[in-house]
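Here the structure is laid out as structure tokens; the discussion comes afterwards.
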Amino acid sequence: MKFRMRINKTIFSATIVASLAACSWLPTNSSIFGNTASKTVDITIFSFNDFHGNLQADKPIPLLVKDEHGHDHGKDASGIPSGGYAYLATLLKQRRVAKPNSIFVGAGDLIGASPIGSAILRDEPVIEALNQLDLSVTSLGNHEFDAGSDVLLQKLKGECPSSGCAYQGFRGARYDYIAANVVQKTDGKPLFKPYVIRQIADQKIAFIGAVTVETPSIVAGEGIKTLRFEDEAEAVNRYVPEIQKQGVSAIVLLIHEGANYSGAANDPSYQCPGLQGPIVDIAKRLDKAIQMIVSGHSHQGYTCKIDGRLLVQARSYGGYITETTLSIDRDTRQVVRAEAVNLLVEQSKLAPDSNAQKLVESVVKQTEQVRNRVVASVATQLTRKREKGGHEHSLGNVIADAELYAAKPFGGADIAFMNDGGVRADLPAGVAGKPVEISFGDIYAVQPFGGTLVKIKMTGAQILALLQQQWQGKAGTQPKALMVSEGFTYTWQASAPLEKRIQNVRLHGEPLQADRSYQVVTNSFLANGGDGFTVFKQATDSVTIGIDIDATINYLKEQGSKLDKVNIRRVQRID
């Protein structure tokens, strides 16, 4: 015989609640009940951006100098060891205890352009690390598309190539990627969810995503050829009415676009004097219902307000996390206060999280043989540091020289170009000395994209137009610099109109001839019009001559010990 027991759910629930309330360990106004006795509730949003797979904490990152009062200033310095997944995990865990009504979100480029330990494992351990951090949602970044949209979708689902997963136990992402402005050309539908709504305490918070509209110009085009990247503000605003109908208390934009800022990582006044960049214009065009913007892409640290709306960014590589508090009126479901602070992930003040450290150590062990293989030595440190008012740096110029050198077995070339954005780290990584041994890991950190080198034919007129494109679009007065090979020189004048800005262009001392054809070497990204250098697409006679990182390794093997000093006066500003 079977017996059935009916339970009065109302009486049972009330009994449980009363029992819990009687427990001495349960605090008054416990977050279990969302502090319902208070008219307002505080919601905490932890955020970061541009992590780029930096799981290890093996070098200091550039920070802001502090004065004797402990205040940050805009001058860069390599100083306090900070960042690293294990230390980030500890700080985040500590702050979550203090702020239980919280969520952890991102603003893109969390994977891609990663150090070798992450990259050769296809960023799979990075995704697992983000799962362990309980990341809830992030916007897309341009570097998420480095291997193309199809590969990205497969990776997030945990679908591995036929050869298997690179990292043991990889199952894909448990967090959401969102982007309102990335749509498929065939039907106009979003590739990812445009937004998500999360319940935090007793409040619904909407997160809407976007990625820089410039993504097609900074990502290899073949991998995103089926996608359209729409204006960020227009795409985001389109979803606001739909979101508002769902009874949310706040709308937060997660966007992979940012601003340039030379001030402190934290501005208590939120004024941020001198802040400028694409996100400023975007913020001014957003629907007023959006109360907060978490930005990225520019690798800057700031806590600002644009027309009263909070705008934050946590620099890069996990060196900071942003802690934002939104105070919400329960009756009106309106944000009545918004405050933010960038917290430094300072290693000396944190113990690495044990579980996170296990993941880091497994990545190190799995990749150490490849990373530590010595491939060359150099007589001096090669960096991305520019002289005052300079346009170029020693490492970029050496890579351009290596590209030119790689063309010798293919009949040689006249000029080589390297994009500044493709040089991702100093070489050797944070170490000075003569001579210095260079590992494969060092060079991979500099050039992690695995692009090919191509030799093409361009006229002098096309090369001049190419140089002018350094000041295109949003670049404004700060150019998207091209590094050039030895023997190619020119001057530029910032105050001159664009068509007259480039002057005195010479090759081995001889003026560049507009109607003459020149043999040019560059990487496949630039050759396909990357970074907005569309003039490259007018070139003819394209021939693939190798892999970019192999060219750098081979050049340093043969020439590295002779590089006592690299010419960084190939491009000179004259005003």
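Matching residues to (1) at pLDDT 95 or above; (2) open to solvent by 10 Å² or more (accessible area, probe 1.4 Å):
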position	(1), (2)
Asp76	no, yes
Gly79	no, yes
Tyr85	yes, no
Lys99	yes, yes
Val105	yes, no
Leu110	yes, no
Ala113	no, yes
Ile120	no, yes
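Could you tell me whether any residue of segment 322-330 is in contact with a strand residue (DSSP E or B) (Cβ under 8 Å, 6 or more places away or on another chain) and closer than 23 Å to Ala57 by Cα?
yes
Given the options Lys500, Lys537, name the one that is within 27 Å of the chain's Cα centre (by Cα), without any contact (Cβ under 8 Å) to a residue 12 or more places away in the chain, open to solvent by 40 Å² or more (accessible area, probe 1.4 Å) and over 25 Å from Val398 (Cβ atoms).
After ruling out the rest, the residue left standing is Lys537.
Could you grab me the full set of residues in segment 384-425 that are open to solvent by less than 30 Å² (accessible area, probe 1.4 Å), outside any loop (DSSP other than H, G, I, E, B) and of a type in the set (A, V, I, L, M, F, W, C)?
Leu395, Val398, Ile399, Ala400, Ala402, Ala406, Ile415, Ala416, Phe417, Met418 - these are the residues of segment 384-425 that are open to solvent by less than 30 Å² (accessible area, probe 1.4 Å), outside any loop (DSSP other than H, G, I, E, B) and of a type in the set (A, V, I, L, M, F, W, C).
How many of the residues making up segment 533-559 are within 20 Å of Gly422 (Cα to Cα) and among the small types (Gly, Ala, Ser)?
2
Of all residues being part of a helix (DSSP H, G or I) and out of contact with any strand residue (DSSP E or B) (no Cβ under 6 Å at 6 or more places or on another chain) in segment 512-534, which is most open to solvent (accessible area, probe 1.4 Å)? Just the residue, please.
Thr534
Conditions (1) hydrophobic (A, V, I, L, M, F, W, C); (2) at pLDDT 90 or above; (3) at negative phi, marked per residue:
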residue	(1), (2), (3)
Glu346	no, yes, yes
Asp353	no, yes, yes
Ala356	yes, yes, yes
Lys365	no, yes, yes
Gln369	no, yes, yes
Glu387	no, no, yes
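(1) modelled with pLDDT of 95 or more; (2) among the polar types (S, T, N, Q); (3) closer than 30 Å to Ala119 by Cβ: which one isn't true of Thr489, the others all being true?
Failing condition for Thr489: (3).
So the check is Cβ under 7 Å with 6+ separation or different chains; which pairs have a first residue in segment 445-458 that's basic (Lys, Arg) and a second one that's at pLDDT 95 or above and assigned to a loop (DSSP other than H, G, I, E, B)?
Listed by first residue and then by second, the contacts come to Lys455/Ala407; Lys455/Ala413; Lys457/Ala539.
Restricting to segment 181-201, name every residue that is part of a loop (DSSP other than H, G, I, E, B) and open to solvent by less than 80 Å² (accessible area, probe 1.4 Å).
Of everything in segment 181-201, those that are part of a loop (DSSP other than H, G, I, E, B) and open to solvent by less than 80 Å² (accessible area, probe 1.4 Å) turn out to be Asn181, Gly188, Leu191, Phe192, Pro194, Ala201.
If Thr552 satisfies every condition in (1) more than 16 Å from Asp414 (Cα to Cα); (2) surrounded by fewer than 18 Cβ atoms within 10 Å (Cβ to Cβ); (3) among the polar types (S, T, N, Q) but one, which is the exception?
(2)
Go through Val219, Val236, Val252, Val211 for me and flag whichever is open to solvent by less than 40 Å² (accessible area, probe 1.4 Å) and in contact with a His (Cβ under 7 Å, 6 or more places away or on another chain).
Val211
Looking at Thr325, Thr332, which one is open to solvent by less than 20 Å² (accessible area, probe 1.4 Å) and either at negative phi or modelled with pLDDT under 95 (or both)?
Thr325
Examine segment 502-510 for a residue that is closer than 23 Å to Val454 by Cβ and in a strand (DSSP E or B), and state whether such a residue exists.
yes
Do you know which residues across segment 142-158 are open to solvent by less than 50 Å² (accessible area, probe 1.4 Å), within 14 Å of Tyr175 (Cβ to Cβ) and out of contact with any helix residue (DSSP H, G or I) (no Cβ under 6 Å at 6 or more places or on another chain)?
Matches in segment 142-158: Lys155, Leu156, Gly158.
I'm trying to understand the selection: among the residues of segment 161-180, which are farther than 26 Å from Thr212 by Cβ and either in contact (Cβ under 8 Å) with a residue 60 or more places away in the chain or not charged (D, E, K, R) (or both)?
Pro161, Ser162, Ser163, Gly164, Cys165, Ala166, Tyr167, Gln168, Gly169, Phe170
The values are calculated or read from the model by the stated rules, or taken from the named source; none is laboratory data. Quick caveat: nothing in here was measured; it's all calculated off a predicted structure. For neighbour counting, all protein chains shown are included, and Cβ atoms are generated from backbone atoms with ideal geometry for every residue, glycine included. The accessibility values were calculated without ligands, DNA or RNA, using every heavy atom of the protein model including side chains. Shrake-Rupley method; radii C 1.70, N 1.55, O 1.52, S 1.80 Å.
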